[in-house]
Structure formats: structure tokens, C-alpha cells
Amino acid sequence: MFLSVFDMFKVGIGPSSSHTMGPMVAAARFLDLMRASPFEFSGLRGSLYGSLAFTGVGHATDRATILGLAGFVPDTYDHEKAEATLAKIAKTHKVSPQGLPDLAFDPKADLIFDFDTTLPGHANGMILMATDAQGDVILRQVYYSIGGGFVLTEEELAEGKATEEGAPIPFPFKSAVEMLDMARSSGKSIAQMKRENEISRGCSESLAKGSARLWQVMNDCIERGLTTDGILPGGLNVRRRAKGIYDALQAERGMNLNAPHTINDWMSVYAMAVNEENAAGGQVVTAPTNGAAGVLPAVLRYYLDHVPGASESRIEDFLLTAAAIGGLVKFNASISGAEAGCQAEVGSASAMAAAGLCAVMGGTPEQVENAAEIALEHHLGMTCDPVAGLVQVPCIERNGLGAIKAVSAASLALRGDGQHFVPLDSVIETMRQTGHDMHEKYKETSLGGLAVNVPNC
């Protein structure tokens, strides 16, 4: 099983990897399908289903789909250009993607939120259609946004593309047990094995440059969040808190009056900074999703700024170790809130961050696996119930607590020798089963939990 570090960590835009980035990617793929088709097209239509329908407006799914059909993609997204394009589409009822003629598209009439139909492949389903001059559909494709910005067509999902292994790699572990067995027999760390897998599919130079860029985007996101205040968009009037907390923490530095638990505030504020940026539609890195994008950067920033002896040279090891754990979770369970609740998002992120921190602090592969297990185990059963369908409440604070749990899990694992009662594989399987049994109203539909018990205005 191979999932690249650059699949697990993708540069994109907020507020959601599955509901914003995924639909934009799906639309871009549909444009490519149209470009390769012999038909002459005159218009576009789309329908959103399941969680994409129920929380689509709050997650900017409609906006992302429209922009995707206009030719935008997440990793090169330009906010100012996007705003101008949306205004033009609203006025002209046309999109003008490169390599295709102007296409009729009225966002209010041609993009349907279908709350009554569920597509069979995944909770995040959408259908995109192209029409001829008479308005008849001549090209149609079903897409599923399966979490973390990953998108599969109906056919790809049926063919098992979600678990496709691809070309051989040096260390093809599919479970934590196999990962630890390979580490023992090879004498390598998890990061070293993951690095060899990556290099077998690319090169060491691109890995180093790509990892450096990932951390740069993550850290830039933290910095923007720490220096920006105001009200988040969406109508809940949630105010940004990271800047105020950060300013207060900065003012208290050097006063020798801080309680030891103040370090939790630092971890939380780094995570909250990222998720406030995500909620505002800013540039983030999926880690493994947008809704959980603050956990891992917060723990990595905590390591670099607050742990004695920390070194930036270990950033790549941190990311590689985290990606290895994230790959196991995705392959054997899910990283999608719409599929398994927030245990699959913040829970997975916390496990990944705990593993990365444990590794760079000298943990053995067994201790790293233990750290991931502790962090994920104590997120089991967590629902995804965003108020008003916005990735704000409880999502922003939840990332802060996920970071705290990750650091605590890594610390506990480092205090032991790697031997523990519950294996990581068992926790991942439990998470999968729990997600399967969880009621749909607790899986990113905003039909249960906090979403219905907190006033939306």
C-alpha cells in the first residue's frame, strides 16, 4: 500500500478538503473529460448529494464547483481572480474554461442541491453534466469526494481505485503490524522506510523541496492566523480568537508567572490560527483534511518553538512518519467526516501528529505506533456536527484539543518502551466500525449534535 506524503498533505483552500477542494478537483476533471470528447458542448449542469448537499453552502461547495467549472484548481487558487470570475458568472450566466467554448451556466438554476437522493458510492456524491445546443445532456459523470481532497469517479470507486497499490515499493506495509515487522527486520525507522518508498516513485530532491514547501505553507498559515482578527464569514458571526490569545501569550512571556499548563494555550492557538484561516477560505494544507488542518502544524510548530534541541532538519521525518500513519488510517478505515465522523478527521490528524512528534523526539517505531494508537483511541466516537454547516463550531477549538492530545500521546509513548495493550490496527478497525454504525445525522450533515442544539444566529 502506497500513499504519497504529497497525497496526504495537499496545498489547497478552505474551508473543506472534501466539500471545497474535492468538488473543485472533480469539476476540473470533468473539464478535461469534455476537452477529450468529440462532442460540441453548449452548457453545464450539476447536482450535489448527501453531505455535499446538506452542508454544501456552509462548506462553500457551490462556490468551489462553480469555480472548478470555470477552470480553477486548489493548488493555484487566486482569491481575487476567483471573486471577479464569480461576479462575472453571476452576471453573464456563462463560464469560459480554457480550451472550451463559452458554456451556459446559471449557478442558481443549473447547480442543484438534492436533499432527497443518496448516491450509492459515498456520502459525498456529485453529478456533472454537459449539454448540447438543445439543452440535452450528452456527457455525464458521477464523482465522489472521498475525503482529504481525494476524488474518484463512479467507475474508479467500483474498480477499487481507492485501495489500489500501484507499482511495487521497497516497504509495502498495509497495517501497523507489517510496518513494525519491516522496521525490525530492516533496522530502519518509519520515516526511513517511508522515504525509500517515496524515492522509489520520485526522487530525493523533489521530496526535500516538496516537504519544505508543505511546512512553509503550513507555517505561513499559522502566521496569518496569529496576526488577523475580525469576524469569520458565514453568518454565525464567530470572531477570530487566535490573534488575541497569541498577543496575550506574547505579553506574558518572561514574566515567570505562567502556570505549566499555559503550554496548552500555545498548542491550541497555533491550531486555531490555521483553522480560522481555513474557515475564512484561506490557503491551507490538508493534514489529512481541511477540517483537521490545524492539528499537525500546531504540533510541529510546538516542537520547533518549545522543545529543547528541536531542529528544522527533522521536519521531513515528522511529515513522513505522520503520512505513514495517515496512510494506514485511510487505507483501512477513513479520513472522511462524512463517512465516519470527526474521529476520522481530527482523530486521524491527532494520531498522525503524535506519531510525527514521537519520531523526531527519538521514539522507536514501537513507541511511534503507540503514540498514534493513544491519540486515535481517545477520539473514537467523535461526531462531525458543524453548526450551520460551517467549519467553525466546534471545528476550530477541536483542532486545538486534538493538538494537545497528540502531544500528550507522544509524551506517554516516550515514557514507555513501546509495549502496550491495544494495537493501532485494532483502534483503526474500531474507528471504521464505529463510523459505519454512526447515525448519518452525526456525519457532516448538520442534522444532529451541536448543529441542532446551538442557535444558528
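Testing residue 254 on (1) in a loop (DSSP other than H, G, I, E, B); (2) in contact with a helix residue (DSSP H, G or I) (Cβ under 6 Å, 6 or more places away or on another chain); (3) farther than 23 Å from residue 64 by Cβ, one condition comes back false. Which one is that?
All conditions pass for residue 254, except number (2).
Right, residue 169: in contact (Cβ under 8 Å) with a residue 12 or more places away in the chain and either open to solvent by 50 Å² or more (accessible area, probe 1.4 Å) or touching a Ser or Thr at 6+ places or on another chain (Cβ under 9 Å) (or both) or not?
Details: in contact (Cβ under 8 Å) with a residue 12 or more places away in the chain: yes; either open to solvent by 50 Å² or more (accessible area, probe 1.4 Å) or touching a Ser or Thr at 6+ places or on another chain (Cβ under 9 Å) (or both): yes.
Judged against the criteria, residue 169 is a match.
Which fully enclosed helices (runs of 4 or more DSSP H) of segment 359-457 have 1 or more residues being basic (Lys, Arg)?
It comes to 395-415, 424-437.
Could you list, ordered by first residue, the pairs with Cβ atoms under 8 Å in which the first is in segment 93-104 and in a loop (DSSP other than H, G, I, E, B) and the second is aromatic (Phe, Trp, Tyr) and open to solvent by 70 Å² or more (accessible area, probe 1.4 Å), at least 6 apart or interchain?
Sorted first by the residue in segment 93-104, then by its partner, the list stays empty.
For residues in segment 280-326 being outside any helix (DSSP H, G or I) and hydroxyl-bearing (Ser, Thr, Tyr), which is surrounded by the most Cβ atoms within 10 Å (Cβ to Cβ)? Show your work before the answer.
Let us first name the residues in segment 280-326 that are outside any helix (DSSP H, G or I), namely 280-294, 307-311.
Okay, now just the ones that are also hydroxyl-bearing (Ser, Thr, Tyr), so 286, 289, 311.
Working: 286: 28, 289: 32, 311: 11.
Restricting to residues being outside any helix (DSSP H, G or I) and hydroxyl-bearing (Ser, Thr, Tyr), the top hit is 289.
Could you tell me which of the residues 71, 14 is open to solvent by 20 Å² or more (accessible area, probe 1.4 Å) and touching a helix residue (DSSP H, G or I) at 6+ places or on another chain (Cβ under 8 Å)? Give the steps one after another, and end with the answer.
Working: 14 fails: open to solvent by 20 Å² or more (accessible area, probe 1.4 Å).
Testing whether each residue is open to solvent by 20 Å² or more (accessible area, probe 1.4 Å) and touching a helix residue (DSSP H, G or I) at 6+ places or on another chain (Cβ under 8 Å) leaves just 71.
Report yes if residue 123 is farther than 16 Å from residue 27 by Cβ, open to solvent by 50 Å² or more (accessible area, probe 1.4 Å) and not hydroxyl-bearing (Ser, Thr, Tyr), otherwise no. It would help to see each step written out before you state the result.
On the way: farther than 16 Å from residue 27 by Cβ: yes; open to solvent by 50 Å² or more (accessible area, probe 1.4 Å): no; not hydroxyl-bearing (Ser, Thr, Tyr): yes.
Answer is no for this residue.
Answer yes or no: is there a residue in segment 234-251 that is within 18 Å of residue 402 (Cα to Cα) and touching a strand residue (DSSP E or B) at 6+ places or on another chain (Cβ under 8 Å).
There is no residue in segment 234-251 that is within 18 Å of residue 402 (Cα to Cα) and touching a strand residue (DSSP E or B) at 6+ places or on another chain (Cβ under 8 Å).
Condition first: surrounded by fewer than 18 Cβ atoms within 10 Å (Cβ to Cβ), of a type in the set (S, T, N, Q) and touching a Leu at 6+ places or on another chain (Cβ under 8 Å). Can you find one or more residues in segment 87-103 that meet it?
Taking every residue of segment 87-103 in turn, at least one turns out to be surrounded by fewer than 18 Cβ atoms within 10 Å (Cβ to Cβ), of a type in the set (S, T, N, Q) and touching a Leu at 6+ places or on another chain (Cβ under 8 Å).
The values are calculated or read from the model by the stated rules, or taken from the named source; none is laboratory data. Everything numeric in this text was worked out from a predicted model, so none of it was measured. For neighbour counting, all protein chains shown are included, and Cβ atoms are generated from backbone atoms with ideal geometry for every residue, glycine included. Accessible surface areas use protein heavy atoms only, side chains included; no ligands, DNA or RNA. Shrake-Rupley method; radii C 1.70, N 1.55, O 1.52, S 1.80 Å.
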